[in-house]
Amino acid sequence: MKKIGYFPPPSEKNSYTVRMRDLLGQFGDVTPISPKNWKDTIFAINKYDVIVFNWLENRCFGKDGKFKFLSFIISMLWFSIMRYSTKKIIYVRHNVYPHNILDGNKDLSVKIMNYFERKSSYTIVHSKSACSAGRIYIPHPLYDLRSVSAVNEIDDEKYFVCFGRIEKYKKLDELIKNWPLDKKLIITGSSDDKDYCFQLKTLATGKKIEIVDKFISDEEAYNLVSQAEYSILPSDSKSMIVSGSFFFSISAGTPVIAVKSDFYNSLNVYNGELILVNGIGDIGAVLQNLPKKQKIMSTEFTSQFSDDTIINSLRLIIK
């Protein structure tokens, strides 16, 4: 059995990390690692067989998108130390660059991420469209919602949902401006930008739009998303490689309306699981002529992201 280090430490606040830890557990013991515990590994050469890094570049920038020099130095030193503590490093590139980065720091963030790629044994991406030379495509996991409690009825009125962290790059303000008056929309997710949340609530005045700016558990999210008519994903950010909200939605059995991107264009759609529009302004027109909701995802669609498919793909690099 392999000894696998995993960063960041898996947390219920990020279901992806929990799912990937469980899948990697098919190959051995998965141990959370963090720069806070660097002393445990500084003298341990080849302590691990594999170390998996996610979002390490985010530590180099603040929530305000500004560069943090000290955090950058710590991250680089820790990454270098960990390279000598393992036989293989797997770097998961989730984004082209961090979502909320300041425009002036985008080039720097890309250089940092490219450095992590070059110094890693393998780079994983979760979208075929981002699988350029030297990268390996591993499907993004679906979320395991089998243990979630029974659904409680939310509302008799049909509604749409926009679920995930509330961030400016998702252009939720444009979604609200273009949202039709006769349709109900629930926007929910945690946020560090209270000013933006206030702006959204102001824009939503007079419309059938509810904004819940707080963290919600997987159980609450499933309860909300599974009963929605469709999940709305308005972001067309150039920073995005994949969308975690997309995978949560289809895991909950709810189809998605999204703005076209390389990622969405790369998916095989079989049963109306995904409807694409050219821009946020086109969502309103699509809502008026929707096909009947498909509550059950087709086997052909979900098999693209099955545990077996992911494990078989990982097996090629975790030998």
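Here, each number is a calculation from the coordinates, and none is a lab measurement. None of the values given here were measured: they were computed from a predicted structure. Positions of Cβ are backbone-derived with ideal geometry, glycine not excepted, and every protein chain shown enters the neighbour counts.
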Scanning the chain for GluC sites (Glu not before Pro) in DSSP loops with at most 14 other Cβ atoms within 10 Å, what's the longest stretch left with none? 158-319
Spin-label point model (7 Å from Cα, Cβ direction): what's the Met1 to Leu102 distance in nm? 4.7 nm
Through the Karplus equation 6.51 cos²θ - 1.76 cosθ + 1.60, θ set to phi - 60°, convert the phi angles of the range 300-315 into ³J(HN,Hα) values in whole Hz; use x for Gly and Pro. 4, 6, 6, 5, 4, 10, 6, 4, 4, 5, 5, 4, 5, 5, 5, 4
Could you pull out every one of the lysines with an alpha carbon less than 21 Å from that of Lys63, ignoring same-chain neighbours closer than 8 positions? Lys13, Lys36, Lys106, Lys111, Lys168, Lys170, Lys171, Lys194, Lys214, Lys238
Pull out a ≥ b ≥ c, the square roots of the eigenvalues of the alpha-carbon gyration tensor of the range 101-225, then state rounded if a/c is under 1.5, prolate if not and a/b is larger than b/c, and oblate in the remaining case. oblate
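Over the chain, what is the percentage of antiparallel beta bridges among all DSSP beta bridges, to the nearest 5?
Roughly 10 percent of the DSSP beta bridges within the chain come out antiparallel.
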With axes computed from alpha carbons, what is the tilt in degrees of helix 218-227 against the longest principal axis of the chain, rounded to the nearest 10 within 0 to 90? 40 degrees
Hey, how many Å between the Cα centroid of the range 92-121 and the Cα centroid of the range 153-227? 29 Å
For the chain, take the longest principal axis of its alpha carbons; what is the angle in degrees between that and the long axis of helix 69-83, to the nearest 10 within 0 to 90? 60 degrees
Residues whose built amide H sits under 5 Å from the amide H of Tyr6, excluding neighbours closer than 5 in sequence, are Thr31, Ile33, Val52
Can you compute the helix-only [θ] at 222 nm over the chain? Use -39500 (n - 2.57) per DSSP H run of at least 4 residues, normalise by all residues, nearest 500 deg cm²/dmol. -8500 deg cm²/dmol
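Give the shape of the range 247-291 as rounded, prolate or oblate, defined through the alpha-carbon gyration tensor: a ≥ b ≥ c are the square roots of its eigenvalues, a/c under 1.5 means rounded, and otherwise the shape is prolate if a/b is larger than b/c and oblate if not. Each step should come with its number before you reach the end.
Details: a/c = 1.80, a/b = 1.25, b/c = 1.44.
Oblate, since a/c reaches 1.5 and b/c is not below a/b.
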Which FRET efficiency, nearest 0.05, do Phe72 and Tyr169 yield, Cβ-Cβ r, R0 25 Å? 0.70
Determine the shape class of the chain: with a ≥ b ≥ c the square roots of the Cα gyration tensor eigenvalues, call it rounded for a/c under 1.5, and otherwise prolate if a/b is greater than b/c, oblate otherwise. prolate
Kindly work out what percent of the DSSP beta bridges joining two residues of the range 160-304 are antiparallel, to the nearest 5. 0 percent
Amide H contacts of Ile216 (H built 1.01 Å from N, under 5 Å, at least 5 apart or other chain): Ser190
Relative contact order of the chain, please, whole-number percent, based on alpha carbon pairs below 8 angstrom and at least 6 residues apart. 16 percent
